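Encoded as structure tokens, the structure appears first; notes follow it.
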Amino acid sequence: MPPRAPALADTALTHRSLAAAHARLAAHDDAIIRTQIAVAQIAAPTGEEHERAGWVSRRFRDCGLSAVHTDDVGNVVGRRDGTEDLAPVVICAHLDTVFPRETDLSIRRDGQRLVGPGINDNGRGLAVMLALAGEIDGVRVRSRRPVEFVATTGEEGIGDLRGAKHYFADRGRTAHAMLALDGAGDERIIHRALGSRRFRVSYAGPGGHSWAAFGSANAVHAAAGAAARLAALPLSSSPRTTLSVGRIGGGLSVNSIPDAAWLEIDARSTSAAQLDEIERAIRRIAQAAADEENGRRSMGTRALTVRIDSIGSRPCGETPAEHALVQTAIEATRLVGRQPDLALASTDANVPISQGIPAIAIGAGGRGGDAHTHGEWFDNLQGTVGVARALTIVMAAAQLA
């Protein structure tokens with residue numbers, strides 16, 4: 001994938017030119033932390049992001065962004081115009097968390113750490129996106145290209161990158177470049193998109209009493225047989241491909257022949273061809289398990305049926321390490337005294353990468369850990385370094401005016 005013309009600005013020059021902006025952001029470090037705590041305490045389970053979205057929308061307006069709106073899937077979008085009518089650079093940070101609405105979202109201090117659900121993923125990303133929206137004000141800091149700020153829905157789990165898919169299928173389809181802010185960190189540069197496909201396999205049969213109806217096809221036996229076959233499936237090590245049965249269930253009681261059973265499967269790879277092959281294998285194995293169980297049933301009893309539903313599909317791909325956007329991120333990381341770490345992950349950046357739009361995901365400064373647990377934490381250790389890095393990457397891509 002060649003760099004898009006015109007070439008991205010010289011990163012070192014951009015970084016030096018932003019010295020005053022970096023200093024202002026550093027001076028506002030306490031305010032960024034307060035924002036991070038505030039947003040983390042607003043419930044935003046995947047599919048129920050509306051309250052947090054409303055809060056971010058108000059903050060976008062407070063920053064003076066134009067065309068602030070909430071789109072059809074709940075993304076909050078705001079724009080900072082550039083000096084020229086060019087394709088925009090897009091900054092994304094996801095709104096949703098993995099925690100149910102009833103979760104206690106209190107944030108507590110443990111020494112230097114802030115501890116609580118979502119304080120890092122993605123309270124940090126959202127707080128720094130808002131800080132950048134305020135600093136890139138079109139006066140003290142302005143760019144040739146417009147910059148669009150997008151708080152996305154459905155990034156986690158079964159959200160299946162819903163917000164990013166919607167935005168880049170429509171408004172963002174001609175974006176010049178994209179940067180996702182996701183959690184903490186100031187070294188990783190995620191330029192390779194880990195793809196995944198997820199399936200729910202459901203078996204249905206007649207059921208019955210475990211003694212009186214013995215000989216009827218057993219839906220749980222079929223589901224267990226499918227799980228065993230899937231666990232034994234040979235997988236590619238290069239490109240690395242994984243498959244897991246993540247959940248399985250069914251049955252009415254211990255003394256009943258189950259009339260229904262199901263399993264959920266997660267397959268991941270950096271290769272679309274491998275994912276295609278795994279999907280074919282899943283479909284073949286699911287049917288074979290039903291056929292085997294039906295072959296054991298008593299004559300005259302009803303056969304099991306099988307249904308295979310796709311419950312998630314995340315595209316894979318990469319922005320090559322040689323691409324100007326990745327090289328800009330590498331240089332910006334070195335300019336703040338950190339060692340670049342090129343990485344692979346599944347983020348909102350998967351979507352633009354799969355469409356040929358240069359995209360990366362980075363942390364938004366500081367350190368974090370235990371994501372997706374109630375003990376999730378964030379340590380603002382030199383957090384301003386990551387904020388400065390993010391601003392340099394964005395303004396190099398958008399071309400400082």
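Every number here is computed from the coordinates shown, using simple stated rules; none is lab data. This structure is a prediction, so every number in the text was calculated from the model and none was measured. A quick note on method: Cβ atoms are made from the backbone with ideal geometry, for glycine too, and the neighbour counts reach across all protein chains shown.
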Exercise for the section: Starting from the Cα gyration tensor of region 244-396, take the square roots of the eigenvalues, sort them a ≥ b ≥ c, and report rounded, prolate or oblate (rounded when a/c is under 1.5, otherwise prolate if a/b is larger than b/c, else oblate). Expected result: prolate
Exercise for the section: Considering the convex hull of the alpha carbon atoms of region 68-196, report its projected area averaged over all viewing directions, in nm², one decimal. Expected result: 9.8 nm²
Practice task
Taking the dipole about the Cα centre of region 195-314, with the C-beta of Lys and Arg at +1 and of Asp and Glu at -1, give me whichever of Ser271, Gly312, Gly295 is farthest to the positive side.
Solution key: Ser271
Practice task
Write down the radius of gyration of the chain and its Dmax, each obtained from C-alpha positions, in Å.
Solution key: 24.1, 82
Completion exercise
Reduced to Cα centres, the span from region 217-274 to region 284-355 in Å works out to 16 Å
Fill in the blank from the handout: Note to self, the chain gives a 222 nm [θ] from helices alone (DSSP H runs n ≥ 4, -39500 (n - 2.57) apiece, / all residues, nearest 500) of -10500 deg cm²/dmol
Practice task
Compute the Cα gyration tensor for region 321-383, then decide on rounded, prolate or oblate, letting a ≥ b ≥ c be the square roots of its eigenvalues: rounded whenever a/c is under 1.5, prolate when a/b is larger than b/c in the other cases, and oblate in all that remain.
Solution key: oblate
Problem - Whole-Å distance, taken between Cα centres, linking region 64-137 and region 162-207 - result: 17 Å
Problem - Simple Cβ-charge dipole of the chain, Lys/Arg +1 and Asp/Glu -1, about Cα centre, in debye nearest 20 - result: 300 debye
Problem - Antiparallel bridges, percent of DSSP beta bridges restricted to the chain (to nearest 5) - result: 70 percent
Completion exercise
Along principal axes, largest first, the alpha-carbon spread of region 72-130 in whole Å comes out as 47, 31, 11
Problem - Estimated dipole of region 195-314 in Debye, rounded to 20 [Cβ of Lys and Arg +1, of Asp and Glu -1, Cα centre] - result: 200 debye
Exercise for the section: Report the full-extension gain for the segment Ser17 to Ser313: residue separation times 0.36 nm, less the Cα-Cα distance, to one decimal in nm. Expected result: 102.4 nm
Practice task
May I ask for the percentage of alpha-carbon pairs in region 195-314 that lie more than 23 Å from each other?
Solution key: 32 percent
Problem - Positive-end residue of Leu344, Gly159, Ala38, charge dipole of the chain with Cβ unit charges - result: Leu344
Handout entry: Estimated vicinal HN-Hα couplings, Hz - region 252-262 in sequence order (Karplus 6.51, -1.76, 1.60; Gly, Pro = x)
Key = 9, 7, 5, 10, 10, 7, x, 8, 8, 7, 8
Practice task
Measure nothing fancy, just the Cα-based angle from helix 324-335's long axis to the longest principal axis of the chain, in degrees from 0 to 90, nearest 10.
Solution key: 60 degrees
Exercise for the section: Quick one: P(r) of region 120-258 from all Cα-Cα pairs, 5 Å bins, percents rounded to integers, in order of increasing distance. Expected result: 2, 7, 11, 13, 12, 11, 9, 8, 8, 6, 5, 4, 2, 1, 1, 0, 0
Completion exercise
Expected sort for 77-88, 342-353 on mean C-beta neighbours within 10 Å, highest first, is 342-353, 77-88
Exercise for the section: Let me know the Rg and Dmax you get for region 259-313 when you use only its Cα atoms, in Å. Expected result: 14.1, 47
Exercise for the section: Quick one: work out the % antiparallel among DSSP beta bridges in region 195-314, nearest 5. Expected result: 95 percent
Exercise for the section: Please work out the ratio of the alpha-carbon Rg of region 1-115 to 2.2 N^0.38 Å and round it to two decimals. Expected result: 1.33
